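Contents: one structure, followed by commentary.
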């Protein structure tokens, strides 16, 4: 082969090589998130097909150590472009100045999504709501019938809830009327506060704790009365007791809509809104949580990252994820009229409950504040005087809120 032929072949290889590099070239986004690969990989592939030249590398975190991993990565300057954060985590990162302000981009779609409170800090928006979650009342229809209750009319007021719990609890020594959470951090707050919120109470009023208000005291006294006819245990144990058919009612999450048919297919159960104080007073409130998508200041490609986030929160894509996992619902407001939810009334209850759900206050020290609430309620469940534990919790939380508090943290990245 002569030199001319060799030169032609080398030129051809160079052209092919350059073409291959060009095909691989583009923008690569790093995304840290908490879902299993089978859930997110189809969405990533579809996004990449719709957006040639943008590639998404993802890493799955765990709820057990995800927060620590994110914090350590940011401290070392190795954070991802995009990150999924639990709604109660966003204020802390916004406070510490490591999130990109996307207020301008968010304003255009603000009316189309719910749960902006967790991503709003000092008047600026630092993330987009993706999927949301709340709690509703699960009840055993068979136990309702056995106790002489109408399984088609679940309780709508505190009085009806208490009477139903009593009636079911009296069916036998191995039957419990209501499930009360105990011995588990981050959970009890979500189960008690719906009664306080529904009664007009709250944890904070601005930068002042109001946990010992008359409204919260009244809610706690009712909750303790309800506990007399119940089982006090951790969430998983309560869920299992419900699946075994020995627990009449408890507040729990939409994850049970997937687990119960798979693990207790014979169980006849219903889902209802959380009862309000009375027919003429209060509201049916619940806890609102969710997964937010944020950009850290280390993000190298803001425009492309935002396009990926907008793709994920789009109603059709969020519904695809939620249909698969069943533990959350799309943040898109229009989802209430989505065909899937119209055909799945139990899942639609959670969308309806979200309309009255309450997000935690947007405070950078909320995790510590919530811990004080949990501790106070559990102390009352185990016999301490309710007014005393609420007063002491209020004093501790006021200490956390005080600007001059010497224990206040100011994390630096």
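The values are calculated or read from the model by the stated rules, or taken from the named source; none is laboratory data. Predicted model, so just to flag it, every value in this text is computed and none were measured. For neighbour counting, all protein chains shown are included, and Cβ atoms are generated from backbone atoms with ideal geometry for every residue, glycine included.
A few points about this structure:
- Single residue of the range 37-52 satisfying the filter (surrounded by 14 or more Cβ atoms within 10 Å (Cβ to Cβ) and not in a loop (DSSP other than H, G, I, E, B)) that is farthest from the chain's Cα centre (by Cα): 48
- Residue list for the range 349-373, filter: surrounded by fewer than 20 Cβ atoms within 10 Å (Cβ to Cβ) and out of contact with any strand residue (DSSP E or B) (no Cβ under 9 Å at 6 or more places or on another chain): 355, 365, 367, 368, 371
- Selection within the range 104-118: residues that are within 22 Å of the chain's Cα centre (by Cα) and part of a helix (DSSP H, G or I). The member of this set that is surrounded by the fewest Cβ atoms within 10 Å (Cβ to Cβ) is 111.
- Contacts under 6 angstrom Cβ, first residue in the range 95-114 being more than 18 Å from residue 70 (Cβ to Cβ) and assigned by TED's automatic domain parsing to the domain that holds residue 293, partner in a loop (DSSP other than H, G, I, E, B) and modelled with pLDDT of 95 or more, 6 or more apart: 113/331; 114/331
- Restricting attention to the range 142-161, the residues that are in contact with a helix residue (DSSP H, G or I) (Cβ under 9 Å, 6 or more places away or on another chain) and closer than 13 Å to residue 177 by Cβ add up to 7.
- Residue 173 vs. criteria out of contact with any helix residue (DSSP H, G or I) (no Cβ under 8 Å at 6 or more places or on another chain), modelled with pLDDT under 95 and either in a helix (DSSP H, G or I) or surrounded by fewer than 24 Cβ atoms within 10 Å (Cβ to Cβ) (or both): yes
- Selection from the range 53-103 of residues that are part of a loop (DSSP other than H, G, I, E, B), under 19 Å from the mean Cα position of the chain (by Cα) and surrounded by fewer than 18 Cβ atoms within 10 Å (Cβ to Cβ): 62, 63, 64, 65
- Within the range 320-343, considering residues that are surrounded by fewer than 18 Cβ atoms within 10 Å (Cβ to Cβ) and in contact (Cβ under 8 Å) with a residue 40 or more places away in the chain, the one nearest to residue 118 (Cα to Cα): 333
- Residues within the range 241-258 that are within 21 Å of the chain's Cα centre (by Cα) and crowded, with 16+ Cβ neighbours inside 10 Å, tallied: 7
- Count of the range 47-68 residues which are more than 25 Å from residue 115 (Cα to Cα) and without any contact (Cβ under 8 Å) to a residue 12 or more places away in the chain: 2
- Answer from 129, 194, 154 - the residue that is touching a residue at least 60 places away in the same chain (Cβ under 8 Å), surrounded by 17 or more Cβ atoms within 10 Å (Cβ to Cβ) and more than 27 Å from residue 280 (Cβ to Cβ): 129
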